[in-house]
Amino acid sequence: MTTFIGLDLAWTPHHETGVCVLEESGSGVVLHELHCAIKSPEAFATFCESFGSDVVVAIDAPLIVQPGRRGEAQLGSVYGKYHAGAYSANLPFLTKMNGLAGPQLACLLKASGFELDPGKLATHAAGRFALEVFPHPAHVVLFDLQRAIKYKKGRVACRRKALG
């Protein structure tokens, strides 16, 4: 059975990193864990390794950052009208924002046998896969929204209302 792990990687040490683990069952998936207990890329890589050989890890953080990266620009051209873009991931920006945990995590997962090429993840493919995801465009598509859900900034009451 496949384990699906979602990670919302905190950009700075004073914010929490969110983890969600779903496990495949006979009729779908079952929530196995939901917490903010992971504190470092090393701890998360070790955590992922513990789930065996059939794992898909979806990470909300830039993983492979090279000159000429175009993912965010392409995403913005399609989902910008929904206010569902993403910050451009480049090494100077990530260094300034203390956001190098994603590339560090990618190296650790690759060293542990995780495939980082999303093109190799096919329906019902067995193995260890880790890929970068963009939640705001996913929300727009999955929930047929006209705008991205703004739930990360602002007063708690406003964020709760958006999530409602």
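None of the figures in this text is laboratory data; all of them are computed from the coordinates on show. For clarity, every value in this text was computed on a predicted model and none was experimentally measured. FYI the Cβ positions are ideal-geometry reconstructions off the backbone, even for glycines, and counts take in every protein chain you see.
With each label modelled as a point 7 angstrom along the Cα→C-beta vector, the residue 40-residue 163 pair spans 2.8 nm. With q set to 0.09, 0.10 Å⁻¹, the log10 of I(q)/I(0) for the chain, from the Debye formula over equal scatterers at the Cα positions, is -0.32, -0.39.
Loop-located trypsin sites (Lys or Arg not before Pro) across the range 126-155 with a Cβ neighbour count of 10 or fewer within 10 Å are 152, 153, 155, with loop assigned by DSSP.
In this structure, the pairs whose alpha-carbon distance is over 27 Å, taken from 120/161; 110/161; 120/150; 81/161; 81/120, are 120/161; 110/161; 120/150; 81/120. Taking a straight Cα-Cα cut-off under 16 Å and skipping sequence neighbours fewer than 8 places away in the same chain, the aspartates and glutamates within cross-link reach of residue 153 are 8, 16.
Its convex hull of Cα atoms gives the range 79-164 a direction-averaged projected area, equal to a quarter of the hull surface, of 7.9 nm².
Take the Cα of residue 112, step 7 Å toward its Cβ, do the same at residue 25, and the gap between the two points is 2.5 nm.
Counting every pair of alpha carbons in the range 4-87, the share spaced more than 21 Å apart comes to 45 percent.
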